[in-house]
Every structure is written in structure tokens, then in C-alpha cells.
Amino acid sequence: MNNSIEKKVYKKIREYDKIVIARHIGPDPDAIASTIALRDSIRLTFPDKKVVAIGLGVSKFKSYGILDKIDVEEYMGALLIVLDVPNISRVDGIENLNYKEILKIDHHPAEDIKGSVDWTDEESCSTCQMIAELLLKTPLKMDTKIAGNLYLGIVSDSDRFLLPYTTNKTFLVVHELIKKSKIDFTSLYNYLYDRNLDEVRFQGYIAENMKVTENGLGYLIIPSDIIKEYRVDLATPANLINSFNYIREVIVWTFITEDTKNGVYKVSIRSHGPIVNQVASKYNGGGHKYASGARIASKSEVDSFIADLDKLCEEYKRASISNL
């Protein structure tokens with residue numbers, strides 16, 4: 001190894017006997033898969049280390065592996081590895097953790113998390129791509145399960161290599177991952193795309209009820225009773241948002257899901273051109289330029305959020321016309 005960022009990450013991991021790995025609240029497959037894959041790789045490489053992956057689990061993602069519940073006193077002075085999240089307020093499960101250092105690995109634009117080792121790569125399609133690079137370039141070990149999780153995270157966050165974050169490097173990493181691990185990658189797709197009838201019917205509800213403005217904003221506010229009626233969970237709208245990627249009249253689309261238990265509205269946003277992460281950051285969120293999320297506290301803020309996105313679409317369309 002040369003003095004690469006991957007080497008720096010590996011050296012920091014090697015320094016600590018206790019390691020806690022965390023990711024963002026409301027996890028997607030990239031967040032869950034990268035967290036569990038890195039945990040399992042460190043455990044495989046260093047059997048004597050105490051390594052845990054924390055955060056609230058999502059039943060839909062249980063096939064990736066089981067997350068850990070910890071006694072925070074036992075992990076005092078641990079290395080905290082933060083994956084797939086740039087702002088500390090959105091890291092799940094670290095409220096009472098007294099850690100010594102932060103190591104960050106993320107593909108979102110940098111915000112307030114500054115790790116003693118900080119690997120931020122906005123050109124990477126996913127955090128799983130970065131973890132795959134780490135395992136391919138260092139002595140960290142990989143088995144078939146780890147490789148499969150990383151592959152699924154890459155496929156999910158790139159939307160099957162369709163999003164603009166996909167680069168030739170993405171395909172090179174995937175090639176090396178498959179070559180080294182010999183995973184049966186075609187059989188893995190069932191974990192991403194297998195859906196029960198309730199989810200399919202719920203997708204139909206979204207298509208039937210999504211509103212579209214004159215400026216090309218598609219949006220839907222999903223009350224908690226609709227989530228219960230269709231027997232889906234709160235993560236389902238975010239998991240389905242890429243299924244609405246090809247609507248001709250829509251340039252930005254957002255699903256806003258009421259979470260009565262936590263007293264917030266969970267928001268997912270996608271875009272075909274307007275930069276949406278700046279709007280998301282205004283509403284306790286963030287993310288990529290064209291794929292972001294937020295958490296909104298009240299219905300009045302939801303209305304303001306929709307108005308801001310609609311204005312963004314209007315400005316984008318006006319600029320596009322003037323550039324013709």
C-alpha cells in the first residue's frame with residue numbers, strides 16, 4: 001500500500017481495540033450494507049477486536065445482517081466510524097456514546113462531521129463503493145456475504161447504475177469485487193426488488209395520488225393512517241421513490257411521510273436537474289445535489305417546503321428556456 005486514504009483508514013482501524021460503526025437515521029440499503037459489511041470485515045480480519053454496528057434496524061433490510069445493541073459504558077474511548085452521513089445530528093444511536101475519535105467515510109458533500117481521518121468522496125456513487133475500495137486495497141478481509149452486501153449497496157444507491165453518480169470507477173470496483181469474491185450477483189437482486197403485494201398496491205396509491213405542479217414538482221404527503229391502511233412501514237415511500245424516475249412532466253419529486261411516533265414528517269427528494277440538497281438543508285436534512293432527504297417538524301413547514309421546491313423548479317425551467 002502507498003500512503004493512500006485507504007491506508008490511513010486501515011491504520012486507524014488497526015489502532016483501536018473497540019470500534020463502533022454508525023450511519024444515518026432512516027437508513028437505506030447503502031447505509032445498512034456498508035455498516036454491516038465493514039463491521040464483518042473488521043471482525044474477520046481482527047477477531048480479538050470488539051466491533052459493533054449500531055442504529056435502529058429496519059425489518060426490510062434484515063437480510064443484510066443483524067445490528068448490535070451495546071452497553072455504552074463498555075465502549076467508552078472507542079473509535080467511532082461514521083458512514084454515509086455528513087452531519088452529526090443525523091447519526092443514529094450515538095447520543096450517549098463517549099468515543100475518542102471519529103473516522104468518517106462518506107460520499108455526500110461535507111458538512112459538520114470532521115474526522116481525524118476523513119474520507120469524503122462526492123464522486124463515489126455510494127458508501128458501499130468506498131468500503132469495497134477499502135477492502136480491495138488493504139489487508140481487510142472479505143467473504144461472500146460481505147461482498148454481496150457491498151454489491152447490493154452499490155446497485156441500490158446508483159439505482160442499477162442509472163444515476164449520474166455512476167462512473168467508470170464504479171464499474172471497475174464492481175468488476176474487482178465480483179472477480180475477487182465470485183458472488184452470484186444476479187441472485188442478489190431478489191433482496192432489493194422482491195416486494196409483497198401490500199407494497200405493490202401502495203406504489204399504486206402513490207401513482208394515483210401524487211400531485212404535479214405546473215412547474216414540474218411532483219409531491220405527495222402521506223398520512224400515517226395510509227401507512228397503516230396499506231400495511232407498509234415508514235421506510236417504504238423512500239424505498240419506492242426511484243420507481244418514479246421517468247415521469248415526463250416531473251423534474252423534481254418528493255414523498256413526505258407523517259411519522260406520528262416521532263412527531264416529524266420524513267422527506268425523500270429526487271431531481272432531474274434542479275439542485276435540491278440546499279432546500280433539504282433548510283429543513284433539517286441534506287444529501288446529494290439530486291437526491292436528498294429531510295425531517296420536517298410541522299405541517300406549516302411542510303407547506304413551506306413544497307413551496308420552496310416548486311419555486312426551485314420554476315427557476316430551473318426559466319433558466320433552461322433562457323439558455324436555449
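If you go through region 211-229 and keep only what is farther than 20 Å from VAL264 by Cβ and buried (at least 18 other Cβ atoms within 10 Å of the Cβ), you end up with ASN215, GLY216, LEU217, GLY218. Taken over region 103-112, the criterion of being buried (at least 20 other Cβ atoms within 10 Å of the Cβ) and either touching a strand residue (DSSP E or B) at 6+ places or on another chain (Cβ under 7 Å) or under 16 Å from VAL20 (Cα atoms) (or both) is satisfied by LEU103, LYS104, ILE105, ASP106, HIS108. When we screen ILE306, ILE256 for residues that are part of a helix (DSSP H, G or I) and either in contact (Cβ under 8 Å) with a residue 24 or more places away in the chain or surrounded by 19 or more Cβ atoms within 10 Å (Cβ to Cβ) (or both), the only hit is ILE306. One residue stands out in region 52-88 among those that are touching an Asp or Glu at 6+ places or on another chain (Cβ under 6 Å) and among the small types (Gly, Ala, Ser): the one that is surrounded by the most Cβ atoms within 10 Å (Cβ to Cβ), namely ALA53. Would you confirm whether any residue within region 237-259 is on the phi > 0 side of the Ramachandran plot and among the basic types (Lys, Arg)? Within region 237-259, not a single residue is on the phi > 0 side of the Ramachandran plot and among the basic types (Lys, Arg).
Regarding ARG201, is this residue charged (D, E, K, R), part of a helix (DSSP H, G or I) and over 30 Å from LYS141 (Cβ atoms)? Taking the combined requirement at face value, the residue satisfies it. Filtered by the rule that a residue be closer than 22 Å to GLU249 by Cα, under 24 Å from the mean Cα position of the chain (by Cα) and among the basic types (Lys, Arg), region 270-324 gives ARG270, LYS289. Residues that are in contact (Cβ under 8 Å) with a residue 12 or more places away in the chain and part of a loop (DSSP other than H, G, I, E, B) were ranked within region 180-198; the one that is surrounded by the most Cβ atoms within 10 Å (Cβ to Cβ) is ILE183. When LEU134, LEU163, LEU177 are checked against the criterion of being surrounded by 19 or more Cβ atoms within 10 Å (Cβ to Cβ) and over 19 Å from LEU83 (Cα atoms), LEU177 stands alone in meeting it.
Would you pick out the residues in region 174-201 that are of a type in the set (A, V, I, L, M, F, W, C) and out of contact with any Pro (no Cβ under 8 Å at 6 or more places or on another chain)? Please lay out each step first, then the result.
Quick first cut of region 174-201, residues of a type in the set (A, V, I, L, M, F, W, C) only: 174, 177-178, 183, 185, 188, 192, 197, 200.
Once the filter is applied, which keeps residues that are of a type in the set (A, V, I, L, M, F, W, C) and out of contact with any Pro (no Cβ under 8 Å at 6 or more places or on another chain), region 174-201 yields VAL174, LEU177, ILE178, ILE183, PHE185, LEU188, LEU197, VAL200.
Among residues of region 15-27 that are within 19 Å of ASN284 (Cα to Cα) and in contact (Cβ under 8 Å) with a residue 40 or more places away in the chain, those with a Cβ under 6 angstrom from a residue that is polar (S, T, N, Q) and crowded, with 24+ Cβ neighbours inside 10 Å, sequence gap 6+ or separate chain, pair up as ARG23/THR35.
Among the residues of this structure, ILE251 counts as one that is crowded, with 20+ Cβ neighbours inside 10 Å and more than 20 Å from the chain's Cα centre (by Cα). The residues listed here are THR167, THR257; of these, the one that is of a type in the set (S, T, N, Q), within 21 Å of GLY26 (Cβ to Cβ) and in contact with a Ser or Thr (Cβ under 9 Å, 6 or more places away or on another chain) is THR257.
For region 190-206: of the residues being of a type in the set (A, V, I, L, M) and farther than 17 Å from VAL267 by Cα, which is modelled with the lowest pLDDT? Write out each step before concluding.
The first filter runs over region 190-206 and keeps only residues of a type in the set (A, V, I, L, M), leaving 192, 197, 200, 206.
So of that shortlist, the ones also farther than 17 Å from VAL267 by Cα come out as 192, 197, 200.
Details: LEU192: 86, LEU197: 96, VAL200: 96.
Looking at the filtered set, the residue picked out is LEU192.
Look at (1) surrounded by fewer than 18 Cβ atoms within 10 Å (Cβ to Cβ); (2) in the same structural domain as ILE296 (by TED's automatic domain parsing) and you find that ASN239 fails only one, number (1). Checking each residue in region 207-236 for being within 28 Å of LEU312 (Cα to Cα) and at pLDDT below 95 picks out LEU234, ALA235, THR236. Would you say LYS49 is modelled with pLDDT of 95 or more, of a type outside the set (Val, Ile, Thr) and surrounded by fewer than 17 Cβ atoms within 10 Å (Cβ to Cβ)? Criteria met by LYS49.
The values are calculated or read from the model by the stated rules, or taken from the named source; none is laboratory data. Keep in mind it's a predicted model, so treat the numbers as computed, not measured. Positions of Cβ are generated from backbone atoms using ideal geometry, with glycine treated the same way; all protein chains shown enter the neighbour counts.
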